[in-house]
Amino acid sequence: LNTWCKGYVRERIEYKCYLYNIKLTEINAAGTSQMCSVCGFYEGKRSKDGTFHCSHCGGGLPIHLNSALVIKQRLNDIEIKVTTPVWRVSQILKGRNQRLLETKTGATQTQELLIINNSKGQSESELS
């Protein structure tokens, strides 16, 4: 949409919200089509087949539904504001990915240790 059109659409939305007493909240939509609404993993690329596929949790949703859910979740995001530049949003999401991967790796290692120790005849209470 050109600038005039966007301005007009925004004006109409604001007017209708005022008319019907609806709270209008602006959200930074950067990266929402590239992020999983289930686990929060940031893929960094868009799906071309109309379905979002998460390589982290295996989740899959139609891309528009996935993006809408991510936008709804972003209402409560304390790091990403409307004014946050796209490059900074990308940095924030990649940092979250790193923490997700570290958490998954740590949990997997803990489970592997429990399996190994349990196979040696130790119970979980003996390990604590």
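Here are some notes:
- The shape of segment 1-41 comes out oblate: with a ≥ b ≥ c from the C-alpha gyration tensor, a/c is at least 1.5 while a/b does not beat b/c.
- C-alpha center-to-center spacing [segment 46-72, segment 9-43] in angstrom: 16 Å
- Computed over protein heavy atoms with a 1.4 Å probe, the carbon and sulfur contribution to the accessible area of segment 1-101 reaches 58%.
- Computed E for W4/V82 - FRET, C-beta separation, R0 22 angstrom, nearest 0.05: 0.55
- When the pairs K16/K45; K16/K94; K45/K72 are compared against a 31 Å limit on Cα-Cα distance, K16/K45; K16/K94 fall above it.
- Solvent-accessible area per residue for segment 1-106 (1.4 angstrom probe, square angstrom): 71 Å²
The values are calculated or read from the model by the stated rules, or taken from the named source; none is laboratory data. Please read all numbers here as calculations on a predicted model, not as lab measurements. Because the Cβ atoms are built from the backbone with ideal geometry, glycine has one as well, and the counts that use them run over all protein chains shown. To get the accessible areas, we keep the full protein, side chains included, count just its heavy atoms, and leave off ligands, DNA and RNA. Shrake-Rupley method; radii C 1.70, N 1.55, O 1.52, S 1.80 Å.
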